[in-house]
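Down below is the structure, laid out as structure tokens.
The values are calculated or read from the model by the stated rules, or taken from the named source; none is laboratory data. Nothing here was measured: the structure is a model prediction, and the numbers come from that model. FYI the Cβ positions are ideal-geometry reconstructions off the backbone, even for glycines, and counts take in every protein chain you see.
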């Protein structure tokens, strides 16, 4: 295969159902557009339904819109019920939506906003939809992480919600590290079932709305350097789309931009931090996530 994996390499997706969170803008929109262009029935899962409808109108193909607010477990459960009713089978679940570097805020359920949105909301959604995927050959759960999982990142089990002190970058790093740990533990639990696989991806530095909460002290340098360092949302979405569609992808793999530093470039298989591979922490995070969300998966637990 060509070293430069592009949108043209996406295989036909006719007959497949793809659910993409955060799909009204940026990386999610481009992911949804590429999948729809190859024939998938794509569900744009969005917080703002009107913006979702506007996005759907810009995409050619079979596209629908589903409301979901990842900051509310009630909303996650309601959206999952709607999706289950509308789709007896689901081929792709792409956990793309996220927030970054937000001021200290909490979700409706009292979770720190970045951890609650980026990890716990997607953890719950995946668990509630998984039985629609398990019987489907070639189905995949793709969760979008970030190079931020390496920066000031750890799972702070003694203060998961950052109630004692708060760091925007630390909280983001924890959430993105959690995305990877969730993927790896999910893959181990999926492996005995032999059909669905879990894969992760990251977009490098992409010029999207995600960076709108960048601290003021960094905003000017980021703005000045963005044209030199970042890539557009279409390129940034390619690792996710490759993870979702490339026939050669294996469960538990991680895809990102291929240029030096994984900042930009065409998607390739990459590696994550040593911390993300800690199996004991992955399993502990899984248990805590089940407790916090009240969602359990129809899968056999892994053994330490």
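Key figures for this structure:
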{"read-out": "Where residue 166 falls short, out of the listed (1) over 21 Å from residue 93 (Cα atoms); (2) over 17 Å from the mean Cα position of the chain (by Cα); (3) part of a helix (DSSP H, G or I)", "value": "(3)"}
{"read-out": "Hey, residue 46 at pLDDT 95 or above, touching a helix residue (DSSP H, G or I) at 6+ places or on another chain (Cβ under 8 Å) and within 15 Å of residue 139 (Cα to Cα) or not", "value": "no"}
{"read-out": "Unmet criterion (only one of (1) more than 20 Å from residue 69 (Cα to Cα); (2) surrounded by fewer than 16 Cβ atoms within 10 Å (Cβ to Cβ); (3) at pLDDT 95 or above) for residue 106", "value": "(1)"}
{"read-out": "In the range 21-40, the residues that are part of a helix (DSSP H, G or I) and buried (at least 18 other Cβ atoms within 10 Å of the Cβ)", "value": "26, 27, 28, 29, 30, 31, 32, 33, 34, 35, 36"}
{"read-out": "Candidates 18, 79 - the one that is part of a helix (DSSP H, G or I) and either more than 23 Å from residue 230 (Cβ to Cβ) or free of Cβ contacts under 8 Å to residues at least 24 places away in the same chain (or both)", "value": "79"}
{"read-out": "Criterion violated by residue 206 - all others in (1) closer than 20 Å to residue 269 by Cβ; (2) at pLDDT 95 or above satisfied", "value": "(2)"}
{"read-out": "So residue 3, is it modelled with pLDDT under 95 and closer than 24 Å to residue 204 by Cβ", "value": "yes"}
{"read-out": "Scope the range 82-108; condition over 19 Å from the mean Cα position of the chain (by Cα), touching a residue at least 60 places away in the same chain (Cβ under 8 Å) and more than 22 Å from residue 141 (Cα to Cα); matching residues", "value": "103, 104"}
{"read-out": "Which numbered condition residue 43 misses (of (1) buried (at least 21 other Cβ atoms within 10 Å of the Cβ); (2) touching a strand residue (DSSP E or B) at 6+ places or on another chain (Cβ under 6 Å); (3) in a helix (DSSP H, G or I))", "value": "(3)"}
{"read-out": "Residue 161 in contact (Cβ under 8 Å) with a residue 40 or more places away in the chain, within 18 Å of residue 274 (Cα to Cα) and touching a strand residue (DSSP E or B) at 6+ places or on another chain (Cβ under 9 Å)", "value": "no"}
{"read-out": "Extreme residue, nearest to the chain's Cα centre (by Cα), among residues of the range 216-256 that are at pLDDT 95 or above, closer than 18 Å to residue 32 by Cβ and not in a helix (DSSP H, G or I)", "value": "255"}
{"read-out": "Within the range 257-304, considering residues that are modelled with pLDDT under 95 and assigned to a helix (DSSP H, G or I), the one surrounded by the most Cβ atoms within 10 Å (Cβ to Cβ)", "value": "262"}
{"read-out": "Residue check for residue 183: closer than 30 Å to residue 135 by Cα, crowded, with 20+ Cβ neighbours inside 10 Å and modelled with pLDDT of 95 or more", "value": "yes"}
{"read-out": "Options 126, 71: the member that is over 23 Å from residue 198 (Cβ atoms) and in contact (Cβ under 8 Å) with a residue 12 or more places away in the chain", "value": "71"}
